[in-house]
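Participant: Take a look at the following structure, please.
Every number in this text was worked out from the coordinates using simple rules, so none of it is lab data. Nothing here was measured: the structure is a model prediction, and the numbers come from that model. Please note: Cβ atoms are built from the backbone with ideal geometry, for glycine as well, and neighbour counts cover all protein chains shown.
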Amino acid sequence: MIQDRHDILVKDYTKNVIQSLIPLASENLLTNSGSGANNFDIELGSDFASGTRYDPLISRFIHFTSLKALHSIVNDNAIRLYNLMNVNDPNEYNFFSDDLLTEKINKIKTNTYILSLCDVSVLKGDNILNLWRFYGNDGWGVAVEFDIEFPGHSSMDCCFLGKVIYEKPNLESFKEKNAAFEERHNIKVDVSKLIRVPACFHKSPYYKIEEEVRLMYFDDSSTAKATIESEQKSKFKWDFNTRNEPVTYRILDLGQNNYMPSYPWVTIKKIQLGFRHSEENFNKIEKHLAEIFKFKGYLKPPIIEHSPLKNIYR
């Protein structure tokens, strides 16, 4: 009887409420829902972007970074997802909706880790020079092309991939329909866990030049299984950001080395060297990287190429 009521609540919320927050959202986007006599809470699973405006539609993405950071990725065979205390936008999460996030914003930001990416199409887009200058070490860095796949999912969905939307949503319809749902079922809905995912994928239009796609991980240690707690802890490290502020990051292993089925498989497919490097320097770096990949035992090492901008901008 309790399960029947819970199923009714999930279907009602999916049909009459959630789509006012995320258009085209379906029941399979929801996970970890729970209900009691007078309360109901619901979360989004890692498929939250599927079929919605957040959906990247592809699996290939570009990450602009420095040569030094590339060395770290290759040496560790892993990427780093830094928490949201590390970002430049001081209004992360606040921009979406302060009044719907009942938890402290900084607590959410501390537990939310991201890797900033772009659709691979940006390499041939009109904005490519700005992206290199702002995020690719002013043309001295690299554009790393990743392939990201989600091979499976679990009830502990915590890793999300989606396009950033550069606009503030109008949440009035969602608030009204959520209130009607509460009245209809004589129940109180905790929306904080539902809101925290889309809130991570909305930013001010001032940042639209970034064309960002985010790989986001949310650490909710309260739902962690005891058998993986020690391994979970070993994946978290400490650092300082460029503003000399303490931040943390989470390590995500490359390839099929992740121990959780809801984590993605991330592989390096291509490395494009920045346009400021001379042909001579490119040849040296290409040889250097090839030796590293051989030493690391890569059966199919990434393609290494020079940015087409090398003869267009200095």
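Participant: Size of the dipole of the chain about the Cα centre, Lys and Arg at +1 and Asp and Glu at -1 on the beta carbon, nothing else charged, in debye to 20?
Facilitator: The dipole magnitude comes to about 820 debye.
Participant: Helix 2-13 sits at what angle to the longest principal axis of the chain, using alpha carbons and giving 0 to 90 degrees rounded to 10?
Facilitator: On a 0 to 90 degree scale, this one is about 60.
Participant: Mind listing P(r) for the chain? All alpha-carbon pairs, 10 Å bins, whole percents.
Facilitator: Here the calculated profile for the chain is 5, 25, 32, 23, 10, 4, 1, 0.
Participant: Out of all DSSP beta bridges in the chain, what portion is antiparallel? Express it as a percent rounded to 5.
Facilitator: Roughly 85 percent of the beta bridges in the chain run antiparallel, per DSSP.
Participant: While we're here: Rank the residues K300, K193 as a footprinting-exposure proxy: fewest other Cβ atoms within 10 Å of their Cβ go first.
Facilitator: K300, K193
Participant: When the expected Rg is taken as 2.2 N^0.38 Å, what fraction or multiple of it is the alpha-carbon Rg of the range 127-221?
Facilitator: Against the compact-globule rule of thumb, the ratio is 1.47.
Participant: For the pair E305 and Y206, how long in nm is the line joining their label points, each one 7 Å along Cα→Cβ?
Facilitator: In this crude spin-label approximation the distance works out to 3.6 nm.
Participant: Same structure, new question: Quick check on the exposure proxy: order L84, L100 from fewest to most C-beta atoms within 10 angstrom.
Facilitator: The order, fewest Cβ neighbours first, is L100, L84.
Participant: Right, something else. Neighbouring Cβ atoms within 10 Å as the yardstick, rank W132, W238 fewest first.
Facilitator: Going from sparsest to densest Cβ surroundings: W238, W132.
Participant: Can you tell me the 0 to 90 degree angle between the C-alpha axis of helix 279-295 and the longest principal axis of the chain, rounded to 10?
Facilitator: Roughly 60 degrees, rounded to the nearest 10.
Participant: What number, rounded to the nearest 500 deg cm²/dmol, is the helix-based mean residue ellipticity at 222 nm of the chain, given -39500 (n - 2.57) per DSSP H run of at least four residues and division by all its residues?
Facilitator: Taking each H run of at least 4 residues, the total per residue is -7500 deg cm²/dmol.
Participant: At R0 = 41 Å, how high is the FRET efficiency between S234 and Y313 if r is their beta carbon distance? Nearest 0.05 is fine.
Facilitator: It comes to 0.45.
Participant: What's the extension gain from A290 to K124 if we count 0.36 nm per residue and subtract their Cα-Cα distance?
Facilitator: Gain in length upon complete extension: 57.2 nm.
Participant: I've got another one for you. Consider all pairwise Cα distances in the range 83-192 and report the whole-number % of them above 26 Å.
Facilitator: Result: 42 percent of Cα pairs exceed 26 Å.
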